[in-house]
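Working notes for the structure below.
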Amino acid sequence: MPKTISQFDWLTIAIYFLLVFIGYINIYSASLNDTATSFFDLDQIYGKQMLFIFLSIFLIVILLSLEAKFYERFASIFYIFSLISIIGLFFFGKT
């Protein structure tokens, strides 16, 4: 059963958003140039980062809504999949 809004760990969510905001500001200030037009310019690295931020917010809502039992039940499958992915880097990865 999905969690209700009051059951979320709001401190963790606030820290996450704070770190994302600080990281975005750092990327934006390091890559800002005279041709900047918008925060959402996907031709610039900070625009791509904003896209990843929006995608991660969507994923975080899904992950936070799952019960802890789900992770306990499928932890071994996640672990095996992660190991196979890492081993696959040796065969399919490129430099």
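One residue is enough: does segment 37-51 have a residue meeting the conditions small (Gly, Ala, Ser) and either touching a Cys at 6+ places or on another chain (Cβ under 9 Å) or modelled with pLDDT of 90 or more (or both)? Taking every residue of segment 37-51 in turn, none turns out to be small (Gly, Ala, Ser) and either touching a Cys at 6+ places or on another chain (Cβ under 9 Å) or modelled with pLDDT of 90 or more (or both). Quick check: is even one residue across segment 37-50 under 24 Å from ILE13 (Cβ atoms) and assigned to a loop (DSSP other than H, G, I, E, B)? Yes, there is a match, as at least one residue in segment 37-50 is under 24 Å from ILE13 (Cβ atoms) and assigned to a loop (DSSP other than H, G, I, E, B). Picking from residues in segment 30-47 that are open to solvent by 100 Å² or more (accessible area, probe 1.4 Å) and not aliphatic (A, V, I, L, M), the one that is farthest from ILE5 (Cα to Cα) is ASP34. Just one residue in the set ILE27, ILE80, ILE57 is in contact with a helix residue (DSSP H, G or I) (Cβ under 8 Å, 6 or more places away or on another chain), surrounded by 10 or more Cβ atoms within 10 Å (Cβ to Cβ), modelled with pLDDT of 85 or more and part of a helix (DSSP H, G or I); that residue is ILE27.
Of all residues in segment 60-77, exactly one satisfies the criterion of being polar (S, T, N, Q) and either open to solvent by 90 Å² or more (accessible area, probe 1.4 Å) or over 21 Å from THR4 (Cβ atoms) (or both), namely SER76.
The values are calculated or read from the model by the stated rules, or taken from the named source; none is laboratory data. A quick note: this is a predicted structure, and the numbers were derived from the prediction, not measured. No Cβ is skipped: glycine too gets one built from the backbone with ideal geometry, and neighbour counts run over all protein chains shown. Remember, those area values only see protein heavy atoms, side chains included, never the ligands or the DNA or RNA. Shrake-Rupley method; radii C 1.70, N 1.55, O 1.52, S 1.80 Å.
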